[in-house]
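What follows is a set of notes on a single structure, which appears directly below.
The values are calculated or read from the model by the stated rules, or taken from the named source; none is laboratory data. On a predicted model such as this, the values are computed, not experimentally measured, just so you know. Note that we place each Cβ from the backbone using ideal geometry, even for glycine, and neighbour counts take in every protein chain shown. In case anyone asks, the SASA skips ligands and DNA or RNA and just uses the protein heavy atoms, side chains included. Shrake-Rupley method; radii C 1.70, N 1.55, O 1.52, S 1.80 Å.
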Amino acid sequence: MKKSYLAIMAVASICLLASCKKDNPSTGNGGLKDDENTENPGGENPGGNNPGDNTDLHASLQGSAYVTVALDAQSTEAIQSKIKASYQVDDTNVFLYVWENTYSGGTAAGLNFYGEAEGWTSLVVGSVGWSGAGWCVVTPATIPAFVESSSDLANWKFHLAYKGAANVAHIVILTWNGNTYKFAIGEGSLEDNGQSYNAIRPVGGTFKAGLWNEYEIALTDTGLSYTQDAKADNLVSILSGGVTGTTLDVDAIFFYKK
């Protein structure tokens, strides 16, 4: 199957290798507070009002080191001095690849995970019966290891925020040196290659439909060798199944050290 590429996104563009179709950009709501997000626009301490003040930052932005994949501009600026490597989409070295026609661009309406009026990655499943997208590093050909040692691995986590409907699950795939680790987010389960993945619990303990939910995975649980350099590849991929119209809204994708 071909990867398609379409530049959609407010925060990240989707690159389609086959066609050069462009959709309208997904944008936020211009700073107006989204009612559905007022209960928890990024946890109990979103830090959206003053991301430059560490005491106001969300807990996930108070780590000591970061490798970023998809993160809004204000939050990126707040942790800039701690970013060891950035693999955010720039359509030159890093792309958001979508397998041809499996997703189209969604609408990032409201506030993002950290309570900012900035966009995020929003996709909608098409009608070809499956879906897949990945944040892919093209350059450099070798991605430097960002974990210092096997003992240091215990200090690192993978972070992702997701907002979606009830009873819908998506599979997240972490890849390093050709090896993969899969887990599901959302609610319910989703099958991939004959194996069913049950959605893990978000950080808050209970999935909340229509609101931002935070997920963290300890890198020690992945079995991936983040202490060794890796070849250029998808760092993070997501599958959403084949039900037409299923929405995927994800934000704050990064690796970080406590």
Exercise. From the Cα gyration tensor of segment 69-120, with a ≥ b ≥ c the square roots of its eigenvalues, which class applies: rounded if a/c is under 1.5, or else prolate if a/b is larger than b/c, or else oblate?
Worked result: oblate
For this session: Could you list, in their original order, any pairs among 208/258; 163/257; 163/258; 82/258; 84/257 whose Cα atoms are separated by more than 22 Å?
Result: 208/258; 163/257; 163/258
Problem set entry | Summed side-chain charge close to residue 227 - residues other than residue 227 whose Cβ falls under 11 Å, Lys, Arg +1, Asp, Glu -1 | -3
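Arrange the peptides 145-151, 243-249 so that the one whose residues have, on average, the most other Cβ atoms within 10 Å appears first.
Descending mean neighbour count gives 243-249, 145-151.
Around residue 139, with a cut-off of 15 angstrom between Cβ atoms, what is the net charge of the other residues, counting Lys and Arg +1 and Asp and Glu -1?
-3
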Problem set entry | Linear extension gain, residue 83 paired with residue 201, 0.36 nm per residue minus alpha-carbon span | 39.7 nm
Exercise. Going by the alpha-carbon gyration tensor, a ≥ b ≥ c the square roots of its eigenvalues, is segment 96-137 rounded (a/c under 1.5) or, if a/c is not under 1.5, prolate (a/b greater than b/c) versus oblate?
Worked result: oblate
For this session: Taking only protein heavy atoms into account and a 1.4 Å probe, give the accessible area per residue of segment 65-124 in Å².
Result: 32
Problem set entry | R0 of 51 Å, Cβ-Cβ distance residue 92-residue 166: FRET efficiency to nearest 0.05 | 0.85
For this session: Please work out the average accessible area per residue across segment 140-258, using the 1.4 Å probe convention, and give it in Å².
Result: 41
Exercise. Once the other residues with Cβ under 9 Å from the Cβ of residue 120 are scored (Lys, Arg +1; Asp, Glu -1), what is the net sum?
Worked result: -3
For this session: Return the whole-Å distance between the Cα centroid of segment 104-134 and the Cα centroid of segment 206-246.
Result: 15
